[in-house]
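Please treat every number below as a calculation from the coordinates, not as lab data. Note that the coordinates shown come from a computational prediction; the quantities given were computed from them, not determined experimentally. Note that each Cβ is placed from the backbone with ideal geometry, even for glycine, and that neighbours are counted across all protein chains shown.
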Amino acid sequence: MPREDLEQLQLERLQATLYRLGTHVPFYRRKLREARVDYEALTSLSALQSLPFTSKEDLHENYPYGLFAVPLRDVVRIHSTSGNAGMTTVVGYTRNDIKNWSDLVARILSSAGVTAEDVVQIAYDYGIFTGGLGLHYGAERLGASVIPISSGNIKRQIRIMRDFKTTALVCTPSHALKLADVMMDMGLNPSELSLKYGVFGAEPWSEAMRLEIAERLGIIATDNYGLAEVMGPGVAGECRECNGLHINEDHFLVEVLDTQTLQPVPPGEIGELVVTTLTKEAFPVIRYRTRDLARLIPGPCPCGRTLGRMSRILGRSDDMLIIKGVNVFPAQIESVLTDINGTESPYRIIVDREQHEDKLTVMVEVTESLFSDQIRKQWALSATIQDRLITDLGIPVQVKLVEEKTLERFDSKGKKVIDNRKL
Ligand code: DLL
């Protein structure tokens, strides 16, 4: 679509979204009134900059259904971000939202090279996380033959990949490398497989990882991005040029803002992605602060698509970590420790990547008396902390108790996190 037509479509859809929110969601009605936005008189996309922001905190304060713009009767699906207890975010979809979502994910798979001829194996978790079902519906929409293998039992995933002649693999990039490792252990050469494409997302990765995956699995590896708050996968994805992710701009307005001033950064510079949905019915959001850092890539793409491009995700403007594809906030860990110990004990969060698998270790200081002579108590405490963390975070955690005053004292939370992964 020519840019001019696209912008006209965006404007019309933005008006409709604001009308929907102003009419049906008290939170937005109030915010729009406070910002003195006359959404009925909106005549240009530049008005976006006068609209209020939406934050994760706004979502929490209106938990569970306060920001839904339709009655539950019209909601056919409910999802959440990959984060677990304490930070749960609930998002809903109407039948039409699911249709649009499927179309957009199909578009992303198609730009990555996947067609109706392909056998697509989806190794994302099939659950409340948007990855599994989101990619599944998109691949079906494309007409591909979909294998909903989900995330467990890696050897079985590989056997099925070989026997069912899978041509496209859909999962996190670290899972792809893990699969390559296990294939080696099984004595299976990836050239015996039928794989052609890998469509990867849901966690940060690097160009070096792309090259490694492409080489080891003999595939074209593309990146795709999304988040539950605005839809799930389907927001942006790479074409086979592998040089930036095309943003599905007919459904999302993406701004890149300076994290301090919240003003647009000069074109091509890094800032925080702020997303406004244009077609969502059940859960539209205005200027959602994703906290993901990226930059826009100016200029047309040789593939011919007119949709603008963004870089891969280059970092976060908050302290969220993505461990085994799951969003984890240090504050969740801290609150478990405070709950169990009654006070805030010094701790350290260590994230490693061993054989392409993320490992989370939490080191906690305990009093000298407990540390020196009460081994059984120590084990019990460490098991209690571990159980609670596993339940709250939804991923495996190793807990190590250390002697008082072993860990350096830091004021800032950031320094309590040691991320050794070279992404
Ligand atoms: O991860 C949705 C998704 C599923 C995207 C499958 C792509 C493929 P959430 O659980 O809400 O949703 O987590 C969203 O994950 O804000 C980013 O920080 C991170 N993220 C998602 N895709 C990428 C990517 C899904 N390609 C959060 N590169 C986002 C880097 C990514 N980070």
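Using a ≥ b ≥ c from the Cα gyration tensor of the chain (square roots of the eigenvalues), is it rounded, prolate or oblate, where a/c under 1.5 gives rounded and otherwise the larger of a/b and b/c decides, a/b for prolate?
oblate
Among bridges DSSP assigns within segment 164-271, what percent are antiparallel (round to 5)?
Roughly 45 percent of the beta bridges in segment 164-271 run antiparallel, per DSSP.
Taking the Cβ of each residue in Ser102, Ser311 as the centre, tally the other Cβ atoms inside 10 Å and list the residues starting with the fewest.
Taking fewest neighbouring Cβ atoms as first place, the list is Ser311, Ser102.
Among Leu59, Leu257, Val351, flag the residue with its Cα farthest along the positive direction of the charge dipole of the chain, charges on Cβ as +1 for Lys/Arg and -1 for Asp/Glu.
Of the candidates, Leu59 comes out farthest on the positive side.
Cβ under 14 Å from Asn341's Cβ, Asn341 left aside: what net charge do those residues give with Lys, Arg +1 and Asp, Glu -1?
Computed value for this residue: -3.
Please report the antiparallel percentage of DSSP beta bridges with both residues in the chain, rounded to the nearest 5.
Percentage antiparallel, nearest 5: 60.
Taking 8 Å as the Cα distance limit and 6 or more residues as the minimum spacing, I'd like the relative contact order of segment 157-225 as a percentage.
37 percent
In nanometres, what is the gap between the two model label sites at Arg159 and Leu423, each 7 Å from Cα along Cα-to-Cβ?
Output for this residue pair reads 3.4 nm.
How large is the dipole of the chain about the Cα centre if only Lys and Arg carry +1 and Asp and Glu carry -1, each at its Cβ, rounded to the nearest 20 debye?
Roughly 560 debye for the chain.
State, as an integer percentage, the relative contact order of the chain based on alpha-carbon contacts under 8 Å between residues 6 or more apart.
After rounding, I find 14 percent.
Based on other C-beta atoms within 10 Å, arrange Phe329, Phe68 from fewest to most.
Lowest count first: Phe329, Phe68.
What number, rounded to the nearest 500 deg cm²/dmol, is the helix-based mean residue ellipticity at 222 nm of the chain, given -39500 (n - 2.57) per DSSP H run of at least four residues and division by all its residues?
Estimated from H runs of four or more residues: -10000 deg cm²/dmol.
How far is it, in nm, from the label point at Arg33 to the one at Ala16 when both lie 7 Å from their Cα along the line to the Cβ?
Distance between label points: 2.7 nm.
For Glu192 and Tyr63, FRET efficiency with R0 = 60 Å and r from the beta-carbon atoms, rounded to 0.05?
Once rounded, the FRET efficiency stands at 0.80.
Give the percent of DSSP beta bridges with both residues in segment 315-423 that are antiparallel, rounded to the nearest 5.
Here the antiparallel bridges make up roughly 55 percent for segment 315-423.
Distance between the C-alpha centers of segment 299-319 and segment 330-362? Whole Å please.
About 32 Å separates the Cα centre of segment 299-319 from the one of segment 330-362.
Nearest 20 debye, what's the magnitude of the dipole of segment 35-98 about its Cα centre given +1 on Lys and Arg Cβ and -1 on Asp and Glu Cβ?
My answer is approximately 220 debye.
What does the charge add up to near Val170, with Lys and Arg as +1, Asp and Glu as -1, over the other residues with Cβ less than 13 Å from its Cβ?
-3
Once the Cβ-Cβ distance between Arg316 and Gln355 is put in as r, and R0 is 30 Å, what FRET efficiency do you end up with, to the nearest 0.05?
Approximately 0.75, to the nearest 0.05.
Using a cut-off of 15 Å between beta-carbons, work out the net charge of the residues near Lys56 (Lys and Arg +1, Asp and Glu -1, Lys56 not included).
-4
Which length gain, in nm to one decimal place, applies between Gln49 and Cys303 when the Cα-Cα distance is subtracted from 0.36 nm times their residue separation?
This chain segment gains 88.4 nm when fully extended.
Where in segment 343-368 is the amide nitrogen less than 12 Å from a point lying 7 Å along the Cα-to-Cβ axis of Arg409?
Correct set: 346.
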